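J.: Got a structure here, written out as structure tokens. Questions coming.
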């Protein structure tokens, strides 16, 4: 029982340490992308790739945002990794999607991408393209936020208050924050199913 209680206590402390202004900035920024008829490309690897797919559904269905993630296309993802290398998997997909200044990138990542440490290098390359093309950049990341926090218009950093549990807390609370975003008044257009039955 003590581990469960401790983990939940840690989660509460991290939530209390979040920056609500950063979350608001992401919500307002994504709403502006929708109003400009831009597209939202959600990037994540590992567990964050699963989150990206789920979030694409939520932003499309609940918020009316045209949203995509390259990891939903496993054939292209693995062909690019096999033929061109892992670093290219996102950036070349974004080139093929004609990423432009009306669009936005939203990164879900524990570390935010770090070229020097050779971590999430496909995210690094994608963000560099996004910056070069004038796309908006947003993130929900952990640790120090990596390149995502450096380049983002707005970025939510999950504070790494508990070094032994950085990954589970970052990935778990990422889901809390993106669900906050899709129900935020600046973004939500459609009631979720159970709430609409009330």
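J.: What helices (runs of 4 or more DSSP H), lying completely within the range 121-198, carry at least 1 residues that are in contact with a helix residue (DSSP H, G or I) (Cβ under 7 Å, 6 or more places away or on another chain), touching a residue at least 24 places away in the same chain (Cβ under 8 Å) and over 17 Å from residue 108 (Cβ atoms)?
T.: 121-133
J.: Follow-up. Select from the range 24-46 the residues that are surrounded by fewer than 18 Cβ atoms within 10 Å (Cβ to Cβ) and either at pLDDT below 95 or touching a helix residue (DSSP H, G or I) at 6+ places or on another chain (Cβ under 9 Å) (or both) and list them in ascending order.
T.: Hit for the range 24-46 is 46, nothing else.
The values are calculated or read from the model by the stated rules, or taken from the named source; none is laboratory data. Nothing here was measured: the structure is a model prediction, and the numbers come from that model. Note that each Cβ is placed from the backbone with ideal geometry, even for glycine, and that neighbours are counted across all protein chains shown.
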